[in-house]
Every structure is written in C-alpha cells, then in structure tokens.
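Report on the following structure.
The values are calculated or read from the model by the stated rules, or taken from the named source; none is laboratory data. Note that the coordinates shown come from a computational prediction; the quantities given were computed from them, not determined experimentally. Please note: Cβ atoms are built from the backbone with ideal geometry, for glycine as well, and neighbour counts cover all protein chains shown.
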Amino acid sequence: MELQSPFFLTDLIQSSFYDSVNSDLTSGFAHCLMSFCVQLLLLRGYAFNQTADFETIRQMKEKLCYVAYDLEQEQSLALETTVLVKKYTLPDGRVIKVGGELFSAPEALFQPHLINHEGVGMAELLFNTIQSADIDTRPAFYKHIVLSGGSTMYPGLPSRLQREIKQLYLQNVLKGDTERLSKFKIRIEAPPQRKHMVFLGGAVLANIMKDHSNSSWLTKKEYEEKGLKILERLNQR
C-alpha cells in the first residue's frame, strides 16, 4: 500500500494528504505482509524462513494471491470445499498446496489489524481522504481514482475497493438511503503498468523539469549529507 493524496487540476490538495494506516506503512507494510504469509503457511504445516525464503514467498504471493470480492463467501469455500486449493512448485522441487491463504494474506490491505497495524484499511483511508477535500471537488475525485504500486496488482482488488467505498458512502454520507446510491458515481482506474507508475511518473516529471532552476532539484551530495530532511526544502516551494 502506498501513500494516498488527491490532486485537482494538477494541484495537490495538501489538507487532504493521508499516509496509509497512520504510520510508515509504505516501508513497513510489505514486511508485515510477508510475515503474515509465513504465519498462514505455517498453519497449513509448511515452515518457511522469512529471510531465507523471501524471494520464494514473494513469487508465490505475486503469482497466486488475490483479493476476495466477497470475503465471507471465499472463507466458506475455503472451509467447506477444495475448490480454492492450488498446487505450487517450490524452487527445490517440492509441491505444496495452498487455499484460503491466497486471499487471507492480501486481506490485510483492507483489515490492517490482521498484521497488527493500527488504523484503517485502504478503502476507508481512501474514502476519508476524498471526504476531507472540498465538497465541490469530491465527485471528481470519486470518478478518477487511479491505483499505483505493486500492492495494487492483486487480482480482484479494484472491484473490492469499489464495493467497499460504495458501502462507506452509503453508510456515512447517504445514511443508509439506498435509493440515492444510484446517483453516486465512482470509477477506479487500474492501469496495467501501475506497478511501475511511481517510477514512470518520476521519469516524466524529471524530463519536464530538467531545464528548470536548481530549486527543483536535489543533488546526490545534498541527499547523502542531510537525508530525508532535505525534502522539506522542496515542500516549501
């Protein structure tokens, strides 16, 4: 999960900037999610070392995991049937079986308490971000939600996110009035290249700003000397 912030007509709405789950989620969430995967696999009887088997677990997560559109339905299928069970061949040739773990791990994106993270999940976080913006801009934000980053690549995530945001809007804005929900418009864009959109966006911006003044740039030496604090200089522009 990444940082979330709204832009309107190319301007960042500073008052509406939220970071994920009220903490250093960008750097810490991936680590916690990997630990959660290890725990889930251990419950099935497979022992993995998070450090030594990191790449194996990462590949398995990226190839097989998905976000459940209807969590209760998926949980029932996992408990009562074998329809969700898949085989996965490890690098050493061993074959393991996984089932409910495939949607249970990414569920932490919507329920951070599963990995002991305080705060809200990505749907509520996004809803809060948009609702904190000026009321006149909210409809545009809801219709132009763009996903980016590796954590958004799970199959099923866009549709689950849309479903949960609509439910939050129904409960908190419409106060349960389902008749008015049909007027609520939401669109979630999930570009195929979204895993690398941060890099692509940075590359485009760098090309645009390459001939601008030095106030738009930081040197490697400056960053090495002052670290992340040097970024405050850009925020003051």
Next item on the list: Among the residues of the stretch 92-148, write down those that are of a type in the set (Lys, Arg), without any contact (Cβ under 8 Å) to a residue 40 or more places away in the chain and either crowded, with 22+ Cβ neighbours inside 10 Å or not assigned by TED's automatic domain parsing to the domain that holds ILE186 (or both).
Entry: ARG94
Next item on the list: Test THR51 against the stated conditions and say whether it is more than 24 Å from the chain's Cα centre (by Cα) and either without any contact (Cβ under 8 Å) to a residue 12 or more places away in the chain or closer than 26 Å to ILE165 by Cα (or both).
Entry: no
Note to self: Between GLN73, GLN59, which is surrounded by fewer than 15 Cβ atoms within 10 Å (Cβ to Cβ), under 18 Å from SER159 (Cβ atoms) and not hydrophobic (A, V, I, L, M, F, W, C)?
What the structure shows: GLN73
Notebook entry, point to check: Can you pull out the helices (runs of 4 or more DSSP H) entirely within the stretch 113-221 that have at least 3 residues that are out of contact with any Pro (no Cβ under 6 Å at 6 or more places or on another chain) and of a type in the set (Val, Ile, Thr)?
Noted result: 197-209
Next item on the list: Scan LEU181, LEU228, LEU168, LEU174 and give me the residue that is surrounded by 11 or more Cβ atoms within 10 Å (Cβ to Cβ), free of Cβ contacts under 8 Å to residues at least 40 places away in the same chain and either closer than 27 Å to TYR154 by Cβ or not assigned by TED's automatic domain parsing to the domain that holds LEU126 (or both).
Entry: LEU181
Note to self: Suppose we keep only residues that are in contact with a helix residue (DSSP H, G or I) (Cβ under 8 Å, 6 or more places away or on another chain) and among the β-branched types (Val, Ile, Thr) within the stretch 174-221. Which one would you say is farthest from GLY150 (Cα to Cα)?
What the structure shows: THR178
Notebook entry, point to check: Quick check: is even one residue across the stretch 25-34 surrounded by 13 or more Cβ atoms within 10 Å (Cβ to Cβ), in a helix (DSSP H, G or I) and at pLDDT 90 or above?
Noted result: no
Notebook entry, point to check: Can LYS63 be described as among the basic types (Lys, Arg), touching a Phe, Trp or Tyr at 6+ places or on another chain (Cβ under 9 Å) and outside any helix (DSSP H, G or I)?
Noted result: no
Check: How many residues, within the stretch 51-60, are in a loop (DSSP other than H, G, I, E, B) and of a type outside the set (S, T, N, Q)?
Finding: 2
Note to self: Quick check on LEU79: is it in a helix (DSSP H, G or I) and at pLDDT below 95?
What the structure shows: no
